[in-house]
Every structure is written in C-alpha cells, then in structure tokens.
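Where a number appears in this text, it was derived from the coordinates with a stated rule and is not lab data. For clarity, every value in this text was computed on a predicted model and none was experimentally measured. Cβ: placed from backbone, ideal geometry, glycine included. Neighbour counts: every protein chain shown.
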Amino acid sequence: MKIKHINKNNTAVAGVIEALLLVALAAVILSIIQYTYVPQIMDQKESEHMDTVANQFSNLKSVIDSQSLMGVLASDEALAYAPMSSSVTLGSKELPYFVSARSFGQIEIIDRYNTGNNIIDIEPPPIDFLNGIPLTSIKYSATNFYYLDGESLEYILEGGGIILQQIQGGAILVQPAISVSEIDSNTIEINYDIPLFKSIPGKNTTSGYQDCFIRTNYSKHYSHSDVDIDYIHIYTNYINAWYQSLINNDAGLLWEYYDNGIIDVKYDDPINPTCIEITPNPGKQINIEFTIIEIGIQTGPGIVYKK
C-alpha cells in the first residue's frame, strides 16, 4: 500500500484573498470618485459652459449692434445686408467612463409677431407701431443637472440688452443701447436703438448639446422722433431686471435724471407690476429719438433662407 502525503500550502488562498482585496479597493476608489468627485467636476464643467454661453451672447449682441449700425449708416448696401453667423454652445458632454449626465440647452427666437404683451408703448405712438414697439428677444434656456443643483437658468437678449434670469430673479448683464442727453435743466432726450427680430417659421428654435449657429442680417429700419411725450411704458417678462437697469443707484441708465427730479420711473403696480412707467415730472419734458432696426434672424440645422 502506498501512503500519500498531503502538504498544506496557503499560498494559493493568500493570492485569491489579495486579488479580492485589490478589487474591493479599486471599487472603493471608483465609488469615491463617482459619488464625490464626478459631481464636482461636472458642476465645474457646467459652470464653465454657462460662462461660455454668456460670452457667446455678448458676441452675438456685438454682431447685431454692428449690423444695425452698418445698416443705418452705410452707403454700401452689399455690406449693410451681408449676413453673419454667431455660434452658441447649447450644452456639454458627460464624462467618459463614469456615470454622468449631459447638459442640454434650447434657443428660441421670439420675433415681432409673437411677443404677445411684451412691447414698448409710447404716447404719442410711432405711426408704424400704433400698438407699441414689439420687444423681441433671443432666449437660451439651460437644462443643467449639477450646476446650481439643476436650477433653471436663462440668458435673454431682449431690447438690445442681455438678461440673466434665475429662479430668485433677473439681472441685466449688458445694457441696451440707450443713451440720455440733457437739453436743459428741465428737458432730456432719450436715444434708443431697438433691434426688431423677424424670423422664419420652422427656423426659430433649436435644442441639443452641440453648437448651433444663429444667422442674422440687417433688413431695414424705422426712425421715430418726438418731443414732449406723455410716457414710455415697458412691458416685459423680465420687469425687475429692466427696472434695476434703469434706476439702480449710480449705474442705472436713467438714475441721474430720476434722482434730480426730471423724470419719474416706477412700476404701474407695486405688488403685481405689469410694466415700467417712465414719465416727465410736472414742468419737465422728455424728447425721444428712437431707431427701430429690423433684423432677419434664423437658427437650427437645414436650409438657410434669405428674406
């Protein structure tokens, strides 16, 4: 009879345990990265994207301002009517190899035919705009998942100014093209270049996360001058931002003339305002020099129409 001798050896068992411990350690490290660092990285990524959009909207405004100026002043029609395209990055991608979400955005063009009650009302009214000057806009709406805990955030180019709108309120980041000159101690003149967007059905909205292009071109303009007007009423969805931009201490566009008593600037209703009322005080006078500049605008993929 042969006797078998079995020697105990723990080497293989130790190797298995070591491999399991390494896998567990890797899982713990990945879990820490996933639940702690990925949200922070994505929050920073979405924050940087919002800064990019703000810069792109500033560039878009400068393009529209340049086209408006060329259209009003240029003698070369080919130059005045030349279209230009501006890019806006709608969203940002997720991180590779980790569980994360893309951010998305939407561009909506609210042109002269669908502003609803958003108008600038003047008395007496311009003959071409008896029902008020439409307050058109380009609106970017962000769908973030990490930045500000997914809070709704919008950039709006309205009336020539750039507005940042959040849940807690709005603020104008870039002022519209409004300037005021004092004629005498009782009279001021308000000069305002107002962009009036005109779009094409089916080419006025786009969404996603990639870059989109907004094509703009000068179309025509209207000039309106008047002296001793009764009032200017601004109806807008961003009434608090507009109000602050007009009389926000020393930085407000109309603060100096509100402060020295030439004009009054107030909400029509202090509790539920629908418009901002700008009126001359008794014995004072407001003259206006408004230039309404029609801008053709379209966005989204597909065929580009010329109109």
*Go ahead and run the numbers for FRET between residue 72 and residue 41, Cβ-Cβ distance against an R0 of 41 Å, rounding to 0.05.*
0.30
*What is the extension gain from residue 32 to residue 250, computed as 0.36 nm multiplied by their sequence separation minus the C-alpha to C-alpha distance, in nm to one decimal?*
73.6 nm
*asked:* What translational diffusion coefficient, to the nearest whole µm²/s, does the chain have by Stokes-Einstein, given a Kirkwood radius computed over alpha-carbon pairs, a temperature of 4 °C and 1.567 mPa s viscosity?
replied: 57
*Highest GNM mean-square fluctuation, the chain, Cα pairs closer than 10 Å: which of 17, 178, 167?*
17
*What's the center-to-center distance, using Cα atoms, between the stretch 42-106 and the stretch 212-261 in Å?*
23
*asked:* Using a Gaussian network model on the chain with a 10 Å cutoff between Cα atoms, which of 270, 83, 282 fluctuates the most?
replied: 270
*residue 266: which aspartates and glutamates have alpha carbons under 17 Å from its alpha carbon, excluding same-chain residues fewer than 8 sequence positions away?*
121, 123, 230, 250, 256, 277
*Using the per-residue mean of other Cβ atoms lying within 10 Å as a proxy for protection, in what order, highest first, do the peptides 235-245, 115-125 fall?*
235-245, 115-125
*Helix-only CD estimate at 222 nm, as mean residue ellipticity for the chain, using -39500 (n - 2.57) per DSSP H run (n ≥ 4)*: -8000 deg cm²/dmol
*asked:* Below 8 Å between Cα atoms, with a sequence gap of 6+, how large is the relative contact order for the chain in percent?
replied: 20
*Just grab the label-to-label distance for residue 52 and residue 145, each label 7 Å out from Cα along the Cβ direction, in nm (one decimal).*
1.7
*asked:* Can you compute the charge dipole magnitude of the chain about its Cα centre, using +1 on each Lys and Arg Cβ and -1 on each Asp and Glu Cβ, nothing else charged? Give it in debye, rounded to the nearest 20.
replied: 2660
*Which pairs in the list 61/139; 139/203; 93/203; 139/198; 93/198 are over 21 Å apart, alpha-carbon to alpha-carbon?*
93/203; 93/198
